[in-house]
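Data first, discussion second: the structure below is written as structure tokens.
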2 protein chains.
Amino acid sequence: MEAYPKPALKNDTLLRALARQPTEYTPIWLMRQAGRYLPEYNATRAKAGSFLGLAKSPALATEVTLQPLDRFPLDAAIIFSDILTIPDAMGLGLAFAEGEGPRFERPLRDEAAIRSLAAPDLAALRYVFDAIGECRRALGGRVPLIGFSGSPFTLACYMVEGSGSDDWRTLKKLRHARPELLHRILEVNAGAVAAYLNAQIEAGAQVVMIFDTWGGILAHEDYEAFSLAYCRRVLASVTRVPRILFTKGGNPWLPAMMSSGAEAIGLDWTADPREARRLAGGRVALQGNLDPAALFAPPAAVREAARRVLDAFGPAPGHVFNLGHGIMTQTPVDSVAALVEEVRTYSKALRRDRPISS
Amino acid sequence: MEAYPKPALKNDTLLRALARQPTEYTPIWLMRQAGRYLPEYNATRAKAGSFLGLAKSPALATEVTLQPLDRFPLDAAIIFSDILTIPDAMGLGLAFAEGEGPRFERPLRDEAAIRSLAAPDLAALRYVFDAIGECRRALGGRVPLIGFSGSPFTLACYMVEGSGSDDWRTLKKLRHARPELLHRILEVNAGAVAAYLNAQIEAGAQVVMIFDTWGGILAHEDYEAFSLAYCRRVLASVTRVPRILFTKGGNPWLPAMMSSGAEAIGLDWTADPREARRLAGGRVALQGNLDPAALFAPPAAVREAARRVLDAFGPAPGHVFNLGHGIMTQTPVDSVAALVEEVRTYSKALRRDRPISS
């Protein structure tokens, strides 16, 4: 049920690249493009008082979602939010201490808490859907809007550990001592993520991305069982828009990820684009994968790094330029400008010089 | 020049496995096997007063090096030391705050400091060579003694950043803004690591291992240039004993690592043993790769996990059982006992049931 008319898309380059259709140039957006490297973001965040205050205000979330688009000719907006909204809505109490990562006030620390875990009432996440609606209106069809969630496993990491971790000891102890309890959490999470992403689509998200930020900490034989299997469940239920699946550190499992059902696979900066293209065999699109730290180089070197990434992916359809992980806090704004411009001009030239073959 | 007679080796299973020769069973040792999960280690460390005090006392380092061998029938000892002894000897001032990782008091923070960096006088590392000599005497040929160092790149990570990091921002800024300065550090480090490992061999180390703990944070196109190239230099100069090269997160670069000259490649827990065996094609030995967290499972599950790793590597020569990373602090001692016993008995049975073909 659409509460308002949705303007036609003026720039659908991202959607065409995700569908592996030819595009005039390689579309680009950046993970965490609305973030602390932008002075205007910091100003809005100061108004909001806190990161969560910002994420929970549809008006302010819309404001920061659009900020990078006003500076750079990016090909997508991504709704300003957090990967951990679902466990927060489950009552675990998400909090961000200044300068630190996320922390849950009430992590899952015993069997009773795990047994009583349930998918949240989507009404508790209404601020996200409202922000998406407001963003769509504000975008007026300039570029597509991406919705997202943490993966079932990545949510579980924080829900069990209570915060980020070097070794995820609590989570891994649970996996090895009581794997059935971890599966119980993942099952609830998979249902919740699917419902959440579908509600985002209902609200106006035109692409969705699953951030499996911590799948890469799993043992080889565990990745399929504890992360990918639950992403597959989500993907099977969220089918109305193109889906991007990203596992940081997912290199060993790219072939499995590529058969997950997602239209596109996100690559981190350690992945070999040529090998990934070979594995994809034109069956899925690829997104990535410049090292976010490369933006600390002088502008000429940033442009050179961008060209190397574009050369490695090649001019064939199905590449979305992105960083291999979120943009870093102190990234010079000028580097981002140079990157976006270089991707546009060089990828156009690539297509001119080397006609698309595969 | 040997200052004392070295007894003949009674158990050379590790050396034969590293040479990809048939062995009666799969040898096993564990990264950080002399560590805080052992009550006797904690007792000796309390005597020493600190981690560095322990590492710098040849008598106490010998004591803890041998402790795990008195409990478990392991196939190797590894000298108790730290991967960061070289920068400490360069004058950067290594320190360990209680419960935290390593920290340098004087990290490399400007060009002048980098330009004046030089390989340390090996006399400053004499405590390591003395400990190796003393360990060899104390071992009396029971099993081989492994020496080690951090890789040139991993040393540089801590030397530039000053401590461990989530994103190695300072190091990565240097790599992108002033790559020639990072190369200068790596060059000095490579010379220092080679000299250091050769001196360890002179002192009695029968195998050496290069711990490239942080090579995995590098971008795909950077790993060869900033880490592997310098490991190759070390390997070219350290040739008298078998060499193991381990890059945590090195999955995307296993083929390159396998042609580095090292006799064996260490695999972290995310690596697929079957794929690694295929890539190795019998040309290098493989070491690994049980998830250290698997030792938190009940003993029956630990045994099952050990069998799965052995099945995945198969009975062909050239596998050294190990964890995919260091043993974790609170690991139950009984789990380690179950693991070591299971690896011995099951790998023997594997060889009986499935005669070695390749």
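Across all directions, the average flat footprint of the convex hull enclosing the Cα atoms of the range A:210-302 is 6.7 nm². Using only side-chain charges placed at the Cβ, +1 for Lys and Arg and -1 for Asp and Glu, the dipole size of the range A:10-133 relative to its Cα centre rounds to 80 debye.
Cβ-Cβ distance of A:N42 and A:F96, R₀ of 22 Å, FRET efficiency by 1/(1 + (r/R0)^6): the value works out to about 0.90. Just report the Cα centroid separation between the range A:207-228 and the range A:155-195, whole Å. Between the Cα centre of the range A:207-228 and that of the range A:155-195, the gap is 11 Å.
Peptide B:159-167 has a mean shielding of 1, counted as Cβ atoms of other protein chains within 10 Å of each residue's Cβ. Sorting A:160-168, B:306-314, A:128-136, B:199-207 by average packing, meaning the other beta carbons within 10 Å per residue, from highest down gives A:128-136, B:199-207, B:306-314, A:160-168. Calculation over all alpha carbon pairs of the range B:265-358 in 5 angstrom steps from 0 returns a P(r) of 3, 15, 26, 24, 18, 10, 4, 1 percent.
Note on A:288-294: average number of Cβ atoms from other chains within 10 Å of each residue's Cβ is 5. What you get for the range A:13-353, charging only the Cβ of Lys and Arg (+1) and of Asp and Glu (-1), is a dipole of about 600 debye around the Cα centre. For chain A, DSSP calls about 15 percent of its internal beta bridges antiparallel. Computed across the range B:113-200, the Kirkwood radius stands at 14.7 Å (inverse of mean 1/r, all Cα pairs). Mean partner shielding of peptide B:266-279, defined as the number of other chain Cβ atoms within 10 Å of each residue Cβ, is 3. For the range A:85-141, the ratio of Cα radius of gyration to the globular rule of thumb 2.2 N^0.38 Å stands at 1.48.
Using only alpha carbons, the range B:199-358 has a radius of gyration to Kirkwood radius ratio (Rg to Rh) of 0.98. Sequentially through the range B:255-271, phi angles give Karplus couplings (6.51, -1.76, 1.60; θ = phi - 60°) of x, 5, 4, 5, 10, 7, x, 5, 6, 9, 10, x, 10, 7, 6, 8, 6 Hz, Gly and Pro residues having no value and appearing as x. Based on the Stokes-Einstein relation at 10 °C and a viscosity of 1.306 mPa s, and on the Kirkwood radius from alpha carbon pairs, the protein assembly as shown is assigned a translational diffusion coefficient of 59 µm²/s. Short-range pairs are left out: with C-alpha atoms under 8 Å and at least six residues apart, the relative contact order of chain B is 21 percent. Karplus-derived 3J(HN,Hα) values for the range A:52-58, using 6.51 cos²θ - 1.76 cosθ + 1.60 with θ = phi - 60°, are 5, x, 5, 5, 8, 9, x Hz; glycine and proline are entered as x. The modelled label-to-label distance for the pair B:A316/B:E24, using points 7 Å beyond Cα in the direction of Cβ, is 2.5 nm.
Bridge orientation summary for the protein assembly as shown: considering DSSP beta bridges with both residues in this region, about 15 percent are antiparallel. Taking amide H as placed 1.01 Å from N in the peptide plane, B:G324 has its amide H under 5 Å from the amide H of B:W269, B:L290, B:D291, each at least 5 places away in sequence or on another chain. With θ taken as phi - 60° and the Karplus curve 6.51 cos²θ - 1.76 cosθ + 1.60 applied, the whole-hertz 3J(HN,Hα) list for the range A:166-176 is 6, 10, 6, 4, 5, 4, 6, 4, 4, 4, 8 Hz, x standing for glycine and proline. Building the convex hull from the alpha-carbon atoms of chain A and averaging its projection over directions returns 16.4 nm². Pairs of lysines in chain A whose Cα atoms sit within less than 26 Å of one another amount to 5, provided the residues are eight or more positions apart or on different chains. Between B:D110 and A:A59, the simple spin-label model (points 7 angstrom out along Cα→Cβ) gives 4.9 nm.
The slack in the chain from B:K348 to B:R169, taken as 0.36 nm per residue of separation less the alpha-carbon distance, amounts to 59.7 nm.
A short reminder: the numbers here are calculations on the coordinates, not readings from a lab. Everything quoted here is computed from the prediction, not taken from an experiment. A quick note on method: Cβ atoms are made from the backbone with ideal geometry, for glycine too, and the neighbour counts reach across all protein chains shown.
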